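Engineer: The following block contains the structure, expressed as structure tokens.
The values are calculated or read from the model by the stated rules, or taken from the named source; none is laboratory data. Fair warning: this is a prediction, and the values are worked out from it, not measured in the lab. Glycine gets a Cβ as well: all are built from the backbone with ideal geometry, and neighbour counts include every protein chain shown.
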Amino acid sequence: MQVTTLGTGSPLPDPGRAGPATLVRTTGTQLLFDCGRGVVLRLAAAATGPVLLTSVLLTHLHSDHVCDLNDVITTRWAMSPVPAPLEVIGPAGTAALVERTLAMLSDDIGYRRAHHGDLNWDPPVTGVDVADGAVLELGEVTVRVAATDHMPVAPTVGYRVEADGAAVVIGGDSVPCAGLDRLCEGADAYVQTVVRPSLVAQVPSARFQDVLGYHSSIADAASTAARGGVSTLVLTHLVPAPWPGTEPEWVTEAAAHFAGEVVVAYDLYALELGVA
Ligand SMILES: [Zn+2]
Ligand SMILES: [Zn+2]
């Protein structure tokens with residue numbers, strides 16, 4: 001199993017970091033978690049693309065996690081030689097979001113169907129709402145769902161992906177909670193959105209300070225990883241993005257609470273787990 005952090009940025013535009021998105025792939029299965037800014041470009045850089053995805057899974061419906069879902073849907077549809085059904089799985093509201101996205105795309109769908117004689121179907125995309133406790137079999141992969149805590153944004157979910165004798169947790173945006181603890185139990189890797197409070201505190205903006213309340217700090221993520229006995233903690237969706245060269249400071253901050261390996265992710269960082 002390979003885990004690739006396709007996009008490690010946040011809503012703050014960054015020329016070097018695409019929006020939140022993580023790819024988990026095995027020999028026969030490719031799962032995309034979240035569809036942040038630039039996700040289709042990063043899929044191409046990872047030598048794959050929307051046509052090759054098994055499923056798309058969303059942690060929540062914040063714009064930075066879903067803003068390029070429409071690009072994933074359109075690119076898969078327009079590039080598939082035959083209809084390629086796609087499920088977009090996520091917390092309650094996902095099915096409705098998919099319907100609204102297809103409505104937003106209806107002009108383009110009409111143009112392309114009228115122009116290309118061999119493209120005579122609409123994007124076969126289905127939204128699937130899931131909740132705490134769901135267990136999904138996607139290709140050769142088992143995915144467990146738990147509720148997370150990103151209040152006042154709700155509902156939100158995290159995922160544990162099991163394949164090749166390994167497990168990786170995609171935590172999404174959340175403060176520490178029982179759901180994350182359950183997913184992390186004995187996992188090989190834990191990919192978590194983090195904020196660095198000491199830097200956020202220096203920005204004199206009430207709106208920016210608000211981000212502290214509903215994300216894990218580096219220390220929070222490290223404590224969750226330690227409680228779960230996780231092997232590798234992958235810090236992503238970094239707020240604010242580390243100034244180049246300061247990544248070791250993030251690692252040190254995590255290492256105060258967690259004895260395992262700590263990775264400060266960058267776009268297209270890849271981690272190999274288990275036996276393929
Ligand atoms: Zn969020
Ligand atoms: Zn976010």
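Engineer: So, Asp122, is that one outside any helix (DSSP H, G or I) and at negative phi or not?
Structural biologist: Criteria met by Asp122.
Engineer: Related question: Considering only helices (runs of 4 or more DSSP H) fully contained in region 1-117, which possess at least 2 residues that are more than 12 Å from the chain's Cα centre (by Cα) and surrounded by fewer than 18 Cβ atoms within 10 Å (Cβ to Cβ)?
Structural biologist: 39-45, 69-79, 94-104, 106-115
Engineer: Could you list, in sequence order, all residues of region 188-217 that are under 19 Å from Pro20 (Cβ atoms) and in a loop (DSSP other than H, G, I, E, B)?
Structural biologist: Listed by number, the residues that qualify are Arg196, His215, Ser216.
Engineer: From Leu199, Leu183, grab the single residue that is of a type outside the set (Val, Ile, Thr), more than 14 Å from ligand 2 (Cβ to nearest atom) and under 17 Å from the mean Cα position of the chain (by Cα).
Structural biologist: Leu183
Engineer: Just to be sure, is Gly127 assigned to a strand (DSSP E or B), modelled with pLDDT of 95 or more and within 16 Å of ligand 2 (Cβ to nearest atom)?
Structural biologist: Spelling it out, it is not the case that Gly127 is assigned to a strand (DSSP E or B), modelled with pLDDT of 95 or more and within 16 Å of ligand 2 (Cβ to nearest atom).
Engineer: Considering only region 176-213, how many residues are more than 16 Å from ligand 1 (Cβ to nearest atom) and exposed (fewer than 13 other Cβ atoms within 10 Å of the Cβ)?
Structural biologist: 9
Engineer: While we're on this one: What are the residues in region 50-68 that are away from ligand 2 (no atom under 14 Å from the Cβ) and touching a Ser or Thr at 6+ places or on another chain (Cβ under 7 Å), if any?
Structural biologist: Once the filter is applied, which keeps residues that are away from ligand 2 (no atom under 14 Å from the Cβ) and touching a Ser or Thr at 6+ places or on another chain (Cβ under 7 Å), region 50-68 yields Pro50, Val51, Thr54.
Engineer: Still on this structure, I have one more. Can you tell me which residues in region 139-174 are over 14 Å from the mean Cα position of the chain (by Cα) and under 18 Å from Leu271 (Cα atoms)?
Structural biologist: Correct list: Val141, Glu162, Ala163, Asp164, Gly165, Ala166, Ala167.
Engineer: If Gly228 satisfies every condition in (1) of a type outside the set (S, T, N, Q); (2) more than 15 Å from Leu180 (Cα to Cα); (3) more than 18 Å from the chain's Cα centre (by Cα) but one, which is the exception?
Structural biologist: (2)
Engineer: Just wondering, is there one or more residues in region 8-16 that are within 16 Å of ligand 2 (Cβ to nearest atom) and closer than 18 Å to Val145 by Cβ?
Structural biologist: No, because not a single residue in region 8-16 is within 16 Å of ligand 2 (Cβ to nearest atom) and closer than 18 Å to Val145 by Cβ.
Engineer: Moving on. Does Met151 satisfy the condition of being more than 16 Å from ligand 2 (Cβ to nearest atom) and modelled with pLDDT of 95 or more?
Structural biologist: Taking the combined requirement at face value, the residue does not satisfy it.
Engineer: Could you give every pair whose Cβ atoms fall below 8 Å, whose first residue belongs to region 206-222 and is touching a residue at least 12 places away in the same chain (Cβ under 8 Å) and among the hydroxyl-bearing types (Ser, Thr, Tyr), and whose second residue is away from ligand 1 (no atom under 15 Å from the Cβ) and assigned to a helix (DSSP H, G or I), counting only separations of at least 6 or pairs across chains?
Structural biologist: Listed pairs, sorted by first residue: Ser216/Thr224; Ser217/Pro197.
Engineer: If we keep just the residues of region 219-240 that are within 16 Å of ligand 2 (Cβ to nearest atom) and out of contact with any Ser or Thr (no Cβ under 7 Å at 6 or more places or on another chain), which is farthest from Asp34 (Cα to Cα)?
Structural biologist: Asp220
Engineer: Now for a separate question. Which pairs do you get when a residue that is closer than 25 Å to Arg113 by Cβ, found in region 63-75, comes within reach of a residue that is aliphatic (A, V, I, L, M) and within 11 Å of ligand 2 (Cβ to nearest atom), reach meaning Cβ atoms under 6 angstrom, with the pair 6+ apart or on two chains?
Structural biologist: Here the result reads none, with nothing in region 63-75 linked to a residue that is aliphatic (A, V, I, L, M) and within 11 Å of ligand 2 (Cβ to nearest atom).
Here is a yes/no grid of residues against (1) closer than 27 Å to Ala166 by Cβ; (2) β-branched (Val, Ile, Thr):
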{"position": "Arg25", "(1), (2)": "yes, no"}
{"position": "Phe33", "(1), (2)": "yes, no"}
{"position": "Leu41", "(1), (2)": "no, no"}
{"position": "Ala44", "(1), (2)": "yes, no"}
{"position": "Thr48", "(1), (2)": "yes, yes"}
{"position": "Trp77", "(1), (2)": "no, no"}
{"position": "Pro85", "(1), (2)": "no, no"}
{"position": "Val125", "(1), (2)": "no, yes"}
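Engineer: What tally of residues in region 229-270 results from selecting those that are in contact with a Gly (Cβ under 8 Å, 6 or more places away or on another chain) and surrounded by 21 or more Cβ atoms within 10 Å (Cβ to Cβ)?
Structural biologist: Counting residues in region 229-270 that are in contact with a Gly (Cβ under 8 Å, 6 or more places away or on another chain) and surrounded by 21 or more Cβ atoms within 10 Å (Cβ to Cβ) gives 5.
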